[in-house]
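As structure tokens, the structure follows; a few thoughts come after it.
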Amino acid sequence: MKTVAIVGRTNVGKSTLFNKLCHKRLALVHDRPGVTRDRKEATATLKKQTFRLIDTAGLEKTTDLAKAMWEQTHVAIKEADIILMVSDARTEINALDRDLARELHKTHKPVILIANKCEGAKQKESLNDFYQLGLGRPLGLSAEHKIGFEELADILLPLIQESETKEESATERPLKLAIVGRPNVGKSTLINKMLGSNRLLTGPEAGVTRDAISVNWTWQDKAIQLTDTAGLRKFGKISDDLEKMSGEDTQTAIDFAEVVVLVLDINQPMERQDLLIASRVLKEGRCLVIALNKWDTVENPQKVWGPIKERMYESLQQVKDLNVIPVSAKTGYGINQLMEAVFKVYGLWNKRIPTHKLNVFLEMMKEAHPTPLAKNGRRVPLKYMTQVSTRPPTFVIFTTNPDKLPDSYIRYLSNGLRDEFGITGIPVRIQLRKRENPYAEKSKKSS
């Protein structure tokens with residue numbers, strides 16, 4: 001079960017939030033500052049997702065007791081997977097808020113900044129002041145009246161689920177690596193060289209490999225499930241039932257792989273079939289690395305490599321800066337560099353970016369190029385951004401008008417993400433989700 005810690009200075013409503021999330025009055029709540037002094041723990045539930053929740057003492061100016069309370073809070077921060085920093089939307093940011101924000105930055109853990117007691121228009125207007133804490137977009141919330149809990153769920157639950165996935169993936173299991181390409185480009189020969197034995201049948205004729213064959217392998221103490229596949233020809237040219245079955249087996253291997261190495265023969269021009277295979281890999285959200293095989297047979301490799309690189313970058317624009325590694329299955333040249341590239345993209349594929357950094361990025365991108373105007377003459381509002389999953393990195397942007405944002409602006413944001421956070425060479429997905437205005441219905445009733 002994941003752990004969420006609530007931290008902040010005194011009298012900002014931490015214990016009220018704690019009680020609401022636990023659906024019980026477990027923590028004492030009083031207008032007097034400093035009622036909570038020890039850590040309090042309970043199981044909380046939000047939209048049927050359970051997690052361990054820690055309430056902490058409010059941070060005060062330095063006294064002996066306050067120092068002990070700080071230590072208790074530090075323990076909670078250390079134990080937590082996710083942190084909710086609570087501030088008061090009715091008061092100005094002070095030195096304690098800034099000190100705590102600096103401490104939380106150092107943890108490199110997901111932090112959700114909550115501006116509590118945000119019940120009215122005046123408090124909503126003050127939310128922009130909280131950006132100065134450097135924790136991204138502040139969430140306006142009222143723990144007392146349960147306002148903003150839908151938004152809290154939208155941000156918090158993906159972080160909990162991702163944290164659970166990360167913990168599961170930390171257990172030792174092999175990386176699933178598939179080797180694909182057209183017939184007779186040297187896939188099986190390359191794998192044999194990796195293994196250091198003639199484990200797979202090879203030959204000069206095309207189509208020696210028919211089944212997708214998986215072999216366990218260890219490279220530099222890293223466990224790998226290595227899968228050799230049948231060569232993929234253009235489906236229109238396949239008439240043999242067995243070859244069709246082999247092709248389907250290869251497609252399945254791609255679907256279940258985590259990283260796919262597409263092997264090309266540097267002596268053959270890059271064909272449309274190579275691009276179709278690459279596109280299939282990327283469409284499935286898998287990592288893609290290109291291996292330029294038979295590098296040892298070319299007298300002037302750079303002259304050959306130039307046209308291949310140009311065609312590849314023109315046709316595979318959905319992934320910027322693909323890793324292309326020259327190799328020789330015959331001599332073993334470039335295999336270590338190939339595997340380094342495999343684990344590099346695998347790490348990026350599993351990368352998580354903190355929510356506060358994403359929202360700082362979103363504001364920066366909007367400032368550089370504002371969103372287009374809708375029919376009502378107003379710009380399409382992009383409320384906030386969060387990462388909902390990895391493998392591949394997938395992001396959700398909340399807006400009241402998702403249909404009004406053109407694909408060109410999403411591509412602009414996607415390219416910006418790659419450049420800003422270094423997630424190049426892998427698929428990146430951005431989804432738009434409609435976010436209703438929680439104050440709209442309330443405004444209608446009052447009018």
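For region 285-306, the set of residues classified as outside any helix (DSSP H, G or I) and either closer than 16 Å to Ile179 by Cβ or of a type in the set (A, V, I, L, M, F, W, C) (or both) consists of Arg286, Cys287, Leu288, Val289, Ile290, Ala291, Leu292, Asn293, Lys294, Val298, listed by residue number.
Condition first: at pLDDT 90 or above and part of a loop (DSSP other than H, G, I, E, B). Now tell me which residues in region 392-419 satisfy that. Residues satisfying the conditions are Pro392, Pro393, Leu405, Pro406. Listed by first and then second residue, the pairs with beta-carbon distance under 6 Å, at least 6 apart or on different chains, first residue in region 380-399 and closer than 24 Å to Val281 by Cβ, second among the aromatic types (Phe, Trp, Tyr) and open to solvent by less than 20 Å² (accessible area, probe 1.4 Å), are Gln387/Phe395; Arg391/Trp349; Pro392/Trp349. Every condition in (1) at pLDDT below 85; (2) open to solvent by 10 Å² or more (accessible area, probe 1.4 Å) is met by Gly136 except one, and the failing one is (2). Checking each residue in region 257-278 for being open to solvent by 40 Å² or more (accessible area, probe 1.4 Å) and either among the aliphatic types (A, V, I, L, M) or part of a helix (DSSP H, G or I) (or both) picks out Arg272, Leu276. Only one of the listed residues (Val185, Val208) is modelled with pLDDT under 50, in a loop (DSSP other than H, G, I, E, B) and open to solvent by less than 90 Å² (accessible area, probe 1.4 Å). That residue is Val208.
Residues to consider are Ala27, Ala44, Ala57, Ala115; find the one that is buried (at least 22 other Cβ atoms within 10 Å of the Cβ), within 16 Å of Ala5 (Cα to Cα) and either modelled with pLDDT under 80 or out of contact with any Leu (no Cβ under 7 Å at 6 or more places or on another chain) (or both). Only one candidate passes the filter, namely Ala57. When each of Ser389, Ser408 is tested for being surrounded by fewer than 20 Cβ atoms within 10 Å (Cβ to Cβ) and under 15 Å from Pro110 (Cβ atoms), the lone residue that passes is Ser389. Counting residues in region 230-253 that are modelled with pLDDT of 80 or more and open to solvent by 10 Å² or more (accessible area, probe 1.4 Å) gives zero.
Given the conditions (1) in a helix (DSSP H, G or I); (2) more than 30 Å from Asp81 (Cβ to Cβ); (3) open to solvent by less than 40 Å² (accessible area, probe 1.4 Å), report the number of the one that Lys309 does not fulfil. With (1) in a helix (DSSP H, G or I); (2) more than 30 Å from Asp81 (Cβ to Cβ); (3) open to solvent by less than 40 Å² (accessible area, probe 1.4 Å) applied to Lys309, the lone miss is (3).
For region 364-399, what are the residues that are of a type in the set (D, E, K, R) and over 23 Å from Pro427 (Cα atoms)? Selection gives Glu367, Lys375, Arg378, Arg379, Lys383.
Kindly check whether there is at least one residue in region 312-323 that is modelled with pLDDT under 90, under 29 Å from Leu195 (Cα atoms) and in a loop (DSSP other than H, G, I, E, B). Yes, region 312-323 has at least one match.
The values are calculated or read from the model by the stated rules, or taken from the named source; none is laboratory data. What you are looking at is a predicted structure, and each value in this text was computed from that prediction instead of being measured. Positions of Cβ are generated from backbone atoms using ideal geometry, with glycine treated the same way; all protein chains shown enter the neighbour counts. In case anyone asks, the SASA skips ligands and DNA or RNA and just uses the protein heavy atoms, side chains included. Shrake-Rupley method; radii C 1.70, N 1.55, O 1.52, S 1.80 Å.
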